[in-house]
1. When you count, for each residue, the other Cβ atoms within 10 Å and take the mean per peptide, how do 30-40, 69-79 rank with the highest first?
2. Out of residues 5 or more away from THR77 or on other chains, whose amide H comes under 5 Å of its own, with H placed 1.01 Å from N in the peptide plane?
3. Leaving ligands, DNA and RNA out of it, report the carbon-plus-sulfur percent of the accessible area of segment 71-120 at a 1.4 Å probe.
Amino acid sequence: MEAAPDGEGTGGGPGARQARLAEIVRFALVGGVNTGTFFGCYLLLHPWMPYFAAYSLAFLLSMVGSFFLNTYFTYRTRPTWKKFALFPLTNVTNYLVQSVGLYALVTWAGTDERIAPLVAAVVAIPFTYLISQRILVPRGTARPSADPGPGSETDERQPSRLA
């Protein structure tokens, strides 16, 4: 969601920029919590199953947590079954890049199986960001102001119970 320079076309100026910055900070916090959840689940599961199975299950568990944190806390929207069903599509690129990275790091680079998922996750960030932005932000669409009003795409935003 790229804001226009100096708030042009956003209908909100400095207020919209502050709202955008707050959303980015919340997104970063959720990303940190999600990474910690993923890595903790992976370390707990790894002794009981092969590393790739542990990785996949940890990824799925953390994705469910990420969905709820992002809907309630980051974007302050209501979760719906439709959003829940579509949310994994935003993670396909992340999963593929991390999976290939994990396999390459463990198999070819000899990286420790406990550390490789973290390295693969860091490597996947720019890919995931670029693909997500391409999919989620239509070209030529200005970012709505902090209070877009009724009838807009974001009129379902509401104060979060977690905020």
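The values are calculated or read from the model by the stated rules, or taken from the named source; none is laboratory data. Nothing here was measured: the structure is a model prediction, and the numbers come from that model. Note that each Cβ is placed from the backbone with ideal geometry, even for glycine, and that neighbours are counted across all protein chains shown. All accessible areas refer to the heavy atoms of the entire protein, side chains included, with ligands and DNA or RNA removed. Shrake-Rupley method; radii C 1.70, N 1.55, O 1.52, S 1.80 Å.
1. On the way: 30-40: 16.1, 69-79: 17.6.
In descending order of packing, they fall as 69-79, 30-40.
2. TYR72, GLN158
3. Numbers: 2080 of 2980 Å².
Of all accessible area on segment 71-120, carbon and sulfur atoms account for 70 percent.
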